[in-house]
Amino acid sequence: MWKEKFANKTKMVAWFVSHCNIQSRREEYAAELSKYIQVDVYGKCGKLKCEDRGKCARMLDTEYKFYLSFENSFCVDYVTEKLLNILEKNTLIPVVRGGADYKKLFPPNSVIDTKDFSSPKDLAKYLTELANNEEEYVKKLQWSWDYDVLGYKLPLCAICRELHTPRPLACVYDNVTNWWFNGTCYPPRDLTFNV
């Protein structure tokens with residue numbers, strides 16, 4: 001299944017973004033990345049347009065190898081719903097940038113985190129190598145054999161089922177208000193290159 005999809009994907013990186021010039025400075029990182037690899041930016045912050053959601057989704061699934069899932073803000077445990085949508089389909093590999101600990105929140109090998117690279121140039125080199133290696137690319141999609149992604153719009157029955165399924169606690173917050181409002185967001189710390 002994935003090998004066929006890999007063969008048809010001719011474009012490298014897509015990014016759909018509508019909020020520009022925000023706290024995370026994600027446009028700066030994407031601009032630097034685009035110096036070393038093709039990054040197609042759709043929406044209000046880019047030059048490309050794709051108005052029909054269904055057609056846009058099909059285009060992503062069939063033409064692109066990677067998707068930028070960059071957060072508006074760097075906040076602990078916050079993840080955009082766009083990442084969940086991409087993971088649910090599992091037809092291309094998301095590249096994440098934000099404040100969350102993605103290794104803690106998502107299955108192994110399901111995302112590529114910009115934190116794991118010293119610069120956008122190093123990330124571009126890795127993405128290019130991965131895009132040219134079918135076997136390694138397909139391995140990055142095989143996490144779905146062992147995991148399911150439950151989207152952010154869970155029906156009430158699914159929520160109840162999850163709540164009543166015994167599991168060891170991964171994280172407990174004694175004061176949710178304090179966790180939510182105090183010290184969970186921060187500015188990016190790795191933008192040292194010149195744009």
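The values are calculated or read from the model by the stated rules, or taken from the named source; none is laboratory data. Source: prediction; values computed, not measured. Every residue, glycine among them, receives a Cβ derived from its backbone with ideal geometry; neighbour counts consider all protein chains shown.
Figures for the structure shown
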{"read-out": "Pair list, Cβ under 7 Å, 6 or more apart: region 156-181 residue surrounded by 10 or more Cβ atoms within 10 Å (Cβ to Cβ), other residue at pLDDT below 80 and not hydroxyl-bearing (Ser, Thr, Tyr)", "value": "Ala158/Leu150; Tyr173/Trp179"}
{"read-out": "Subset of region 71-100 that is within 12 Å of the chain's Cα centre (by Cα) and charged (D, E, K, R) - its residue that is nearest to His19 (Cα to Cα)", "value": "Glu71"}
{"read-out": "Close pairs (7 angstrom Cβ cut-off, 6 or more residues apart or separate chains): closer than 11 Å to Glu81 by Cα in region 141-154, at pLDDT 60 or above and acidic (Asp, Glu) anywhere", "value": "Gly151/Glu88; Tyr152/Glu81"}
{"read-out": "Any hit, region 64-73, residues being in contact with an Asp or Glu (Cβ under 9 Å, 6 or more places away or on another chain) and under 18 Å from Arg97 (Cα atoms)", "value": "yes"}
{"read-out": "Among the candidates Leu60, Leu48, Leu84, residue that is surrounded by fewer than 16 Cβ atoms within 10 Å (Cβ to Cβ), touching a Phe, Trp or Tyr at 6+ places or on another chain (Cβ under 7 Å) and of a type outside the set (D, E, K, R)", "value": "Leu48"}
{"read-out": "Where a residue in region 126-140 is touching a residue at least 12 places away in the same chain (Cβ under 8 Å) and its partner, wherever it lies, is acidic (Asp, Glu), with Cβ under 7 Å and at least six apart", "value": "Leu130/Glu136"}
{"read-out": "Residues (loosely packed, with under 15 Cβ neighbours inside 10 Å and closer than 24 Å to Asp52 by Cβ) located in region 1-38", "value": "Asn8, Thr10, Ser18, His19, Cys20"}
{"read-out": "Selection from region 118-142 of residues that are assigned to a helix (DSSP H, G or I) and exposed (fewer than 14 other Cβ atoms within 10 Å of the Cβ)", "value": "Asp122, Glu129, Glu134, Glu135, Glu136, Lys139, Gln142"}
